[in-house]
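Student: Structure below; questions to follow.
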Amino acid sequence: MAEVIDTKWEEGAGLAPSSPFAGAAEQRIHFEDVSVRYGATTVLSDFTLTVNPGEIVAMLGPSGSGKTTALRAVAGFVTPTEGRVFIGPRDVTHVAPNARNIGMVVQNYALFPHMSVAENVAFGLRARRADKTLVAARVAECLALVGMEAFAGRMPRALSGGQQQRVAIARALAIRPTVLLLDEPLSALDAQIRRQMVEEIGRLHAELPDLTIFYVTHDQHEALTLADRIAIMRNGRLAALDTARNLYRRPPNRFAAEFLGRANVLAGEVCALSEDGRMAELAVDGHRLRGANLHGLGPGDRALICIRPHHLTPAPAGDAARRLDGRIAHVDWQGAFEVLTIQLGTAELRMTATPAAEPHRIGAGMALFYDPQDATVLPHEPADG
Amino acid sequence: MLIWSRAGRRATLFVAGLLIFVLYVAPLALILLASLAGQWNGVWPSHFGLLNFVGVFQGAPGEAIWASLVTGVVASAVALISGTSAALALRGWRGIRRKALDLIFFLPSAVPSVSIGLALLVAFSHPPVLLNGTALIVVIAHFVIVSAFAFGSVSAGLMQLPCDVEQMAESLGASSAYRLRRVTLPLLAPYLAAAFGLSIALSMGELGATSMLYPPGWVTMPVSIFALTNRGDVFEGSALTVILIVVTVTLLALVQLAIRGLAGGSARGR
Amino acid sequence: MAEVARPPRLRPPGSAWVLLPLMLSAAVFFYPLALVLREAVTDGTGTLHLERALRVLNSHIFLAALTNTLRIALASTLGCLLLGFVLGVVLTYVPFPGRALATRLIETFIALPTFLITLAFTFIYGSAGIVNETLMQATGVTLPPLDFLYSSWGVILAEVTVYMPFVLRPLMAAFSTLDRAQIEVASSLGARAPMIVRRILLPAALPALLAGGSLCLLLTVNEFGIVLFIGAKGVITLPLLVYSKAIQEFDYPTACVVASANLVLSMGLYGLYRFALNKVGGLNADLV
């Protein structure tokens, strides 16, 4: 029965995963030099990216950075001005949205308000004239996948935001999409439900390991938790692309360092290198700071050093060579931890610490320590406002 | 919240209440009173009863109710179909093309109804298309008059529809026809119902064009009311007016119910 | 998201669907209207002939009708704006029981035929109406003391009553989007009602008043039923002139000239209304 339907899909949509969410290269998304312009404004320029089968790639960036445009180009609601979009081996640049076989979930759920939960989930299959028994089976299966089987008969407006988004995910999965596009899926939910849904999506991907997910978000927590790789967007361009771990530990540039995890970035000049050249020492405003020199900078080069706030700790007594002496400029208590702003000459460093028993005094001296292996030296670029 | 003093609020409300009473409540009440009266000598009418309504239903004015209903329903149905199809077609259009076509479909609402009547009279009084003296020419005039309203309501409704819902339908694989049938039209249904009901109400009250065009056998309610009151039969005229008001208000109530019912989601797909 | 600010693309269900409505409107609206315009500027054989048109346009009866139409329309529109603003403010900001019902009642008049108010007014203000009968019984005079109904004042009062809801509706929509905290803050800063009305409510209401007012102007210029029902001898407006020339005198050529002039006036006012509506932006004043 299912086979018959699948051939029908092949005629209608041109694409059909042979078994649920399987099929290797079919489920790849590939952008090739994609630019999108509206008149004089460029919202996406020379964007090239491949999302591999079974991978979750998160597009992270401030609003207006072009990430939603990229997603909508895959869905077919934005036509690139230049470049091509591929799904699997197929060039879909000019293929209509309804012939792409894509699952899409958007921020405000976009459930059909006049249809019940089950009818919503069944919609894509019915649009493909799928057999009734298959529809029923698939609807039950997908609702079970998101834990909504008890709500099949409800109308969308009788559901909470989190429940509506589960239904939207089930609806997207019911058509056995080649790829799943998630466009800020959790932004409309409140913080607690959002955390729960992040886990939920993670679990879903564990159950459907072959499902390719392209996930647009401005929330770095979601990106770090879920994504295999993170693409950071800035002004319509790809600013950084790497695995979540690498991007966090070794940000490739200032924007990535500051946007993902708000690292401290100080500007200075390389004054010494280790023997193998892999560590560099920067002179920053009278202090000497060391970090990993991955970009091969040489003595005399202007450079940046990036240190994560949680890598800074109060210096152990006696280790005078590696300590940084500063003053507490500001304390921001956040419950389980506190963020101290330390004045270091003219520069400021943020560090996270477990709250002290005695409140810190503003202006008190503070000696800092970090492991130079945790700091990254980057080529110089000007700070932006 | 605007006026905090008790006396100020009382004075304001008194003036506003008086205005509303004199301009809106009293007229309706007096028409109702007159429709029930048999005589009006002195300040207040007297000899109340239902004779006027009996007279209306037994005499020629009763036929006006039927003529008005048929005219309203047919003209509104055609206007709704034509307006919906135009509004759907124009939906993807932008810029000057869109503005020009909007203007074409809205223009009838700007033309005095008497002129519409005159135009139809001038155009269709001679062969090859001789419609003068038929009920059809009245229906056509009513269609012209409600068409802009129907088009406008459906266009406004389309603008209210959540666009992402329809895009979602498309991305789930629905063809244009399937999306139209299963998503766009069901979501549009409350607006269509409202446009239909209000078009009928509008047509029921139409006087200008109809009085230029009506044939002897197809007298609508407003024309009949004018004829009755003009020859001094104000009581039967009032009775017919009350019937017209009741029909109109019933239509409005039905529209409200339809909107609530459809928007309430009791309508299930399939 | 800024990125999706542009209106999303949706494939229309076929632009060809506009053809049938267009043909329909061409056949029963534009073609007949074009014939009226042609009739106005040609003689019986179809050659251009402006003499008759100019004669009609210079005639005393046409000029009187034009003056009457404009005077009545302007006065009625002003009345609608004034009454609409006062009632709009009271209905929105001075709570009283039955407020919803009163609003409902007034809005119902949008859907009711215009002439019914004149019928009611003859019962109230007519020569044998309640007011006059009461006054005559009280004072003993034999002639009706209140005698304004069968004049342009009667028409104006009726039109103000009937068309005020067209101002009220967009106005109340505008007020409903106005943050009430503004008024509370102004009050707490010591502003009294007149100042709040002048400095906060009136500016917020201006676009809606502009849209509603221009719509009123268009509708009152085109109004026919009220003038016909009141039937005052001296009060002839353009639509009524068209009617009487065509139906009572069977003088179609003259009727066509008057109708064409009326059409030009209405088109101008319609342009004004669309302009006002554009200024207002999304506000949907109702064009019925």
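Student: Please go through the range C:102-113 and give me each residue that is at the interface with another protein chain (Cβ under 7 Å from one of its Cβ atoms), at pLDDT below 90 and surrounded by fewer than 19 Cβ atoms within 10 Å (Cβ to Cβ), ordered by number.
Tutor: C:Thr108
Student: Now a separate question. Kindly indicate the residue of the range B:150-172 that is within 15 Å of the chain's Cα centre (by Cα) and of a type outside the set (Phe, Trp, Tyr) and also surrounded by the fewest Cβ atoms within 10 Å (Cβ to Cβ) among those meeting that condition.
Tutor: So the residue we want is B:Gly152.
Student: Next question, about the same structure. Restricting to the range A:204-222, name every residue that is assigned to a helix (DSSP H, G or I) and farther than 20 Å from A:Ile87 by Cα.
Tutor: A:Leu204, A:Ala206, A:Glu207, A:Gln220, A:His221, A:Glu222
Student: Among the listed residues C:Ala255, C:Ala285, which satisfies the condition of being hydrophobic (A, V, I, L, M, F, W, C) and at pLDDT 85 or above?
Tutor: C:Ala255
Residue by residue, here is whether (1) surrounded by fewer than 23 Cβ atoms within 10 Å (Cβ to Cβ); (2) out of contact with any strand residue (DSSP E or B) (no Cβ under 7 Å at 6 or more places or on another chain); (3) farther than 26 Å from C:Val235 by Cβ holds:
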{"position": "C:Gly84", "(1), (2), (3)": "no, yes, no"}
{"position": "C:Ala100", "(1), (2), (3)": "yes, yes, yes"}
{"position": "C:Phe115", "(1), (2), (3)": "no, yes, no"}
{"position": "C:Ile124", "(1), (2), (3)": "yes, yes, no"}
{"position": "C:Gln137", "(1), (2), (3)": "yes, yes, yes"}
{"position": "C:Thr142", "(1), (2), (3)": "yes, yes, no"}
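Student: Could I ask something else about it? Please specify each residue of the range A:314-344 satisfying the condition of being surrounded by 14 or more Cβ atoms within 10 Å (Cβ to Cβ) and in contact (Cβ under 8 Å) with a residue 40 or more places away in the chain.
Tutor: A:Pro314, A:Ala315, A:Arg322, A:Arg323, A:Leu324, A:Asp325, A:Gly326, A:Leu344
Student: Would you call C:Val89 assigned to a helix (DSSP H, G or I), within 10 Å of another protein chain (Cβ to nearest Cβ) and among the β-branched types (Val, Ile, Thr)?
Tutor: yes
Yes/no per residue for (1) at pLDDT 90 or above; (2) more than 7 Å from chain C (Cβ to nearest Cβ); (3) within 25 Å of the chain's Cα centre (by Cα):
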| residue | (1), (2), (3) |
| --- | --- |
| B:Met1 | no, no, no |
| B:Arg10 | no, yes, no |
| B:Val15 | yes, yes, no |
| B:Tyr24 | yes, no, yes |
| B:Ala29 | yes, yes, yes |
| B:Ala34 | no, no, yes |
| B:Ala37 | no, yes, no |
| B:Ser46 | no, yes, no |
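Student: For the range A:48-68, which positions are more than 13 Å from chain C (Cβ to nearest Cβ) and either on the phi < 0 side of the Ramachandran plot or within 14 Å of the chain's Cα centre (by Cα) (or both)?
Tutor: A:Thr48, A:Leu49, A:Thr50, A:Val51, A:Asn52, A:Pro53, A:Glu55, A:Ile56, A:Val57, A:Ala58, A:Leu60
Student: Just one of (1) within 13 Å of chain B (Cβ to nearest Cβ); (2) without any contact (Cβ under 8 Å) to a residue 24 or more places away in the chain trips up A:Leu125, so point out which.
Tutor: With respect to (1) within 13 Å of chain B (Cβ to nearest Cβ); (2) without any contact (Cβ under 8 Å) to a residue 24 or more places away in the chain, A:Leu125 is out only on (2).
Student: Also: Restricting attention to the range A:106-135, and to residues there that are surrounded by fewer than 24 Cβ atoms within 10 Å (Cβ to Cβ) and β-branched (Val, Ile, Thr), which single residue is farthest from A:Leu159 (Cα to Cα)?
Tutor: So, considering only residues that are surrounded by fewer than 24 Cβ atoms within 10 Å (Cβ to Cβ) and β-branched (Val, Ile, Thr), the one farthest from A:Leu159 (Cα to Cα) is A:Thr133.
Student: What tally of residues in the range A:345-373 results from selecting those that are aliphatic (A, V, I, L, M) and without any contact (Cβ under 8 Å) to a residue 40 or more places away in the chain?
Tutor: Of the residues in the range A:345-373, 4 are aliphatic (A, V, I, L, M) and without any contact (Cβ under 8 Å) to a residue 40 or more places away in the chain.
Student: Moving on. Which of the residues belonging to the range B:27-54 are assigned to a strand (DSSP E or B) and small (Gly, Ala, Ser)?
Tutor: Matches in the range B:27-54: B:Ser46 only.
Student: Now, a different point. What number of residues within the range A:223-246 are among the acidic types (Asp, Glu) and in a strand (DSSP E or B)?
Tutor: Of the residues in the range A:223-246, 1 are among the acidic types (Asp, Glu) and in a strand (DSSP E or B).
Student: Name the residue that is farthest from the other protein chains (Cβ to nearest Cβ), counting only residues in the range A:74-98 that are surrounded by 21 or more Cβ atoms within 10 Å (Cβ to Cβ) and more than 20 Å from A:Ile175 (Cβ to Cβ).
Tutor: Of everything passing the filter in the range A:74-98, A:Pro80 is farthest from the other protein chains (Cβ to nearest Cβ).
Student: Out of the range B:66-87, which residues are out of contact with any helix residue (DSSP H, G or I) (no Cβ under 6 Å at 6 or more places or on another chain) and not β-branched (Val, Ile, Thr)?
Tutor: Within the range B:66-87, B:Trp66, B:Ala67, B:Leu69, B:Ala77 meet the criteria.
Student: Among residues belonging to the range C:30-44 that are within 12 Å of B:Val144 (Cβ to Cβ) and out of contact with any Phe, Trp or Tyr (no Cβ under 9 Å at 6 or more places or on another chain), point out the one that is farthest from the other protein chains (Cβ to nearest Cβ).
Tutor: Looking at residues that are within 12 Å of B:Val144 (Cβ to Cβ) and out of contact with any Phe, Trp or Tyr (no Cβ under 9 Å at 6 or more places or on another chain), I get C:Phe30.
Student: Now for a separate question. Could you please give the count of residues in the range B:179-226 that are among the hydrophobic types (A, V, I, L, M, F, W, C) and farther than 23 Å from B:Ala110 by Cα?
Tutor: Residues in the range B:179-226 being among the hydrophobic types (A, V, I, L, M, F, W, C) and farther than 23 Å from B:Ala110 by Cα: 12 in total.
Student: Kindly list, by first and then second residue, each pair from a residue in the range B:121-139 that is of a type in the set (Ser, Thr, Tyr) to a residue that is modelled with pLDDT of 85 or more, limited to pairs with Cβ atoms under 6 Å and residues at least 6 apart or on different chains.
Tutor: From the range B:121-139, no pairs qualify.
Student: If B:Gly62 meets every condition in (1) at the interface with another protein chain (Cβ under 8 Å from one of its Cβ atoms); (2) surrounded by 13 or more Cβ atoms within 10 Å (Cβ to Cβ) apart from one, which number is that one?
Tutor: Going through the list (1) at the interface with another protein chain (Cβ under 8 Å from one of its Cβ atoms); (2) surrounded by 13 or more Cβ atoms within 10 Å (Cβ to Cβ), B:Gly62 breaks only (1).
Listed here are the residues, each with its yes/no results for (1) more than 9 Å from chain C (Cβ to nearest Cβ); (2) over 22 Å from C:Val264 (Cα atoms); (3) among the hydroxyl-bearing types (Ser, Thr, Tyr).
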| site | (1), (2), (3) |
| --- | --- |
| B:Val70 | yes, yes, no |
| B:Val74 | yes, yes, no |
| B:Ala86 | no, yes, no |
| B:Ile96 | yes, yes, no |
| B:Ile104 | no, no, no |
| B:Gly117 | no, no, no |
| B:His126 | yes, yes, no |
| B:Leu131 | yes, yes, no |
| B:Ile137 | yes, yes, no |
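Student: Looking at (1) more than 10 Å from chain B (Cβ to nearest Cβ); (2) touching a residue at least 24 places away in the same chain (Cβ under 8 Å), can you tell me which one C:Arg198 breaks?
Tutor: Evaluating C:Arg198 over (1) more than 10 Å from chain B (Cβ to nearest Cβ); (2) touching a residue at least 24 places away in the same chain (Cβ under 8 Å) leaves (2) as the failure.
Student: If I filter the range B:133-149 for residues that are farther than 30 Å from C:Glu107 by Cα, over 23 Å from the mean Cα position of the chain (by Cα), surrounded by fewer than 24 Cβ atoms within 10 Å (Cβ to Cβ) and not acidic (Asp, Glu), do I get at least one hit?
Tutor: So far as the range B:133-149 goes, yes, one or more of its residues are farther than 30 Å from C:Glu107 by Cα, over 23 Å from the mean Cα position of the chain (by Cα), surrounded by fewer than 24 Cβ atoms within 10 Å (Cβ to Cβ) and not acidic (Asp, Glu).
Student: Of (1) within 14 Å of chain A (Cβ to nearest Cβ); (2) assigned to a loop (DSSP other than H, G, I, E, B), B:Val165 satisfies all except one. Which?
Tutor: If we test B:Val165 against (1) within 14 Å of chain A (Cβ to nearest Cβ); (2) assigned to a loop (DSSP other than H, G, I, E, B), just (2) comes out false.
Results for (1) over 30 Å from A:Asp219 (Cα atoms); (2) modelled with pLDDT of 90 or more; (3) not in a strand (DSSP E or B), shown as yes or no for each residue.
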position	(1), (2), (3)
A:Gly261	no, no, yes
A:Glu275	yes, no, yes
A:Ala280	yes, yes, no
A:Gly296	yes, no, yes
A:Leu304	no, yes, no
A:Ala317	yes, no, yes
A:Gly335	no, no, yes
A:Thr341	no, yes, no
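Student: In the set B:Leu228, B:Leu240, which member is buried (at least 24 other Cβ atoms within 10 Å of the Cβ), more than 25 Å from A:Phe112 (Cβ to Cβ) and over 19 Å from the mean Cα position of the chain (by Cα)?
Tutor: B:Leu228
Student: So, one more: Listed residues C:Val242, C:Val227; which is more than 7 Å from every other protein chain (Cβ to nearest Cβ), under 26 Å from the mean Cα position of the chain (by Cα), among the aliphatic types (A, V, I, L, M) and more than 30 Å from B:Trp4 (Cα to Cα)?
Tutor: C:Val227
The values are calculated or read from the model by the stated rules, or taken from the named source; none is laboratory data. Source: prediction; values computed, not measured. All Cβ positions, even for glycine, are placed from backbone atoms using ideal geometry, and neighbour counts span all protein chains on display.
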